[in-house]
Amino acid sequence: MGEALAELDVLRSLAEVAHKKGYTRPRFTESRRLLIREGRHPVVEETVTFVPNDLFMDERTHLALVTGPNMAGKSVFLRQVALIALLAQMGSFVPAKEAELPLFDKIFTRVGASDAVAEGISTFMAEMQEAAGILSGATENSLVILDELGRGTSTHDGMALAWAIAKHLAQKVRCKTLFATHYRELAELAEELPGVINLHAAAREWKGEVVFLYRILPGVAEKSYGIQVAKLARLPEEVLAEAKRKLSELEKKSMAKPKAELLPLFEPPEHPILEELRKIEPEKLTPLEALELLFRLRKELG
């Protein structure tokens, strides 16, 4: 009797919230299509005037990269998608005008910063351990939420790791993944891999101020607006002025630096002859075929 009353209490609470807040009944599909129209965060919308956002990932879309400045709404967007999926699968209506989802076997999240000082685990190590758990546990039927992965180390290391992890999820695991990042270079994954889309948290500059629109739109963020965000945090004017001066200096150096001096972020592609050699099965070649192959490869190398 006690268990039945507890279950009834939970269902009544979910129904009351759904009625009061205008939640909608989600639809489940056997395809791997994910559609959320005018989705909202069930907690954040209680504290601010909330701007709803859409998400559409068809059967062939595995990874959505979300760029944009701090405070523009990237993290809230990621969290609301995870919460809508979780609420739907526990039998609740969801904070959205329309929601169509596949059944997820697991929901993985890597959000925020954490460490374990007593165990000698840094923030970056904790982040990598969580990422390792996701890569080993996720399947094509999972939902993965990654927020600012790779922040805790050098820019090049962080970008390289974020690139490799995002690529593995999109290419090998092929699960539904939302990946928020400040590394705008990751947007190039959409040109390299099928199934990757770019989204951005929209912001505009107006008279030297940054205005956050809290809209998630297709495409890549144009700027990071870091100094404008620091201004909103009320950093001293002299500090902001020095930051602007240094930023201008760094940008000029970056533009003036010869291309030959720039170190590549990723390793150059392997020579095609090496790729061909790896495919060869020597035990299946006759002596004549091996000799002909050797002469041909030598000729191609010049």
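Quick check: anything in the range 143-150 under 15 Å from the mean Cα position of the chain (by Cα) and over 21 Å from PHE77 (Cα atoms)?
no
Tell me, please, whether a residue that is surrounded by 13 or more Cβ atoms within 10 Å (Cβ to Cβ), of a type in the set (Phe, Trp, Tyr) and at pLDDT 85 or above can be found in the range 196-216.
yes
Scan the range 182-195 for residues that are modelled with pLDDT under 90 and part of a loop (DSSP other than H, G, I, E, B) and jot them down.
HIS182, TYR183
So which of ILE134, ILE165 is within 22 Å of LEU103 (Cβ to Cβ), surrounded by 18 or more Cβ atoms within 10 Å (Cβ to Cβ) and either without any contact (Cβ under 8 Å) to a residue 40 or more places away in the chain or not assigned by TED's automatic domain parsing to the domain that holds ASP58 (or both)?
Result of the check over ILE134, ILE165: ILE134.
If you go through the range 11-44, how many residues are modelled with pLDDT of 90 or more and assigned to a helix (DSSP H, G or I)?
Qualifying residue count for the region: 11.
Any idea which residue in the range 236-257 is modelled with the lowest pLDDT, counting only those that are farther than 15 Å from TYR225 by Cα, surrounded by 10 or more Cβ atoms within 10 Å (Cβ to Cβ) and not aliphatic (A, V, I, L, M)?
So the residue we want is LYS257.
Please tell me if LEU87 is crowded, with 18+ Cβ neighbours inside 10 Å, within 17 Å of the chain's Cα centre (by Cα), in the same structural domain as GLY195 (by TED's automatic domain parsing) and at pLDDT 95 or above.
Answer is no for this residue.
The values are calculated or read from the model by the stated rules, or taken from the named source; none is laboratory data. Everything quoted here is computed from the prediction, not taken from an experiment. Note: ideal-geometry Cβ built from the backbone for every residue, glycine included; neighbour counts use all protein chains shown.
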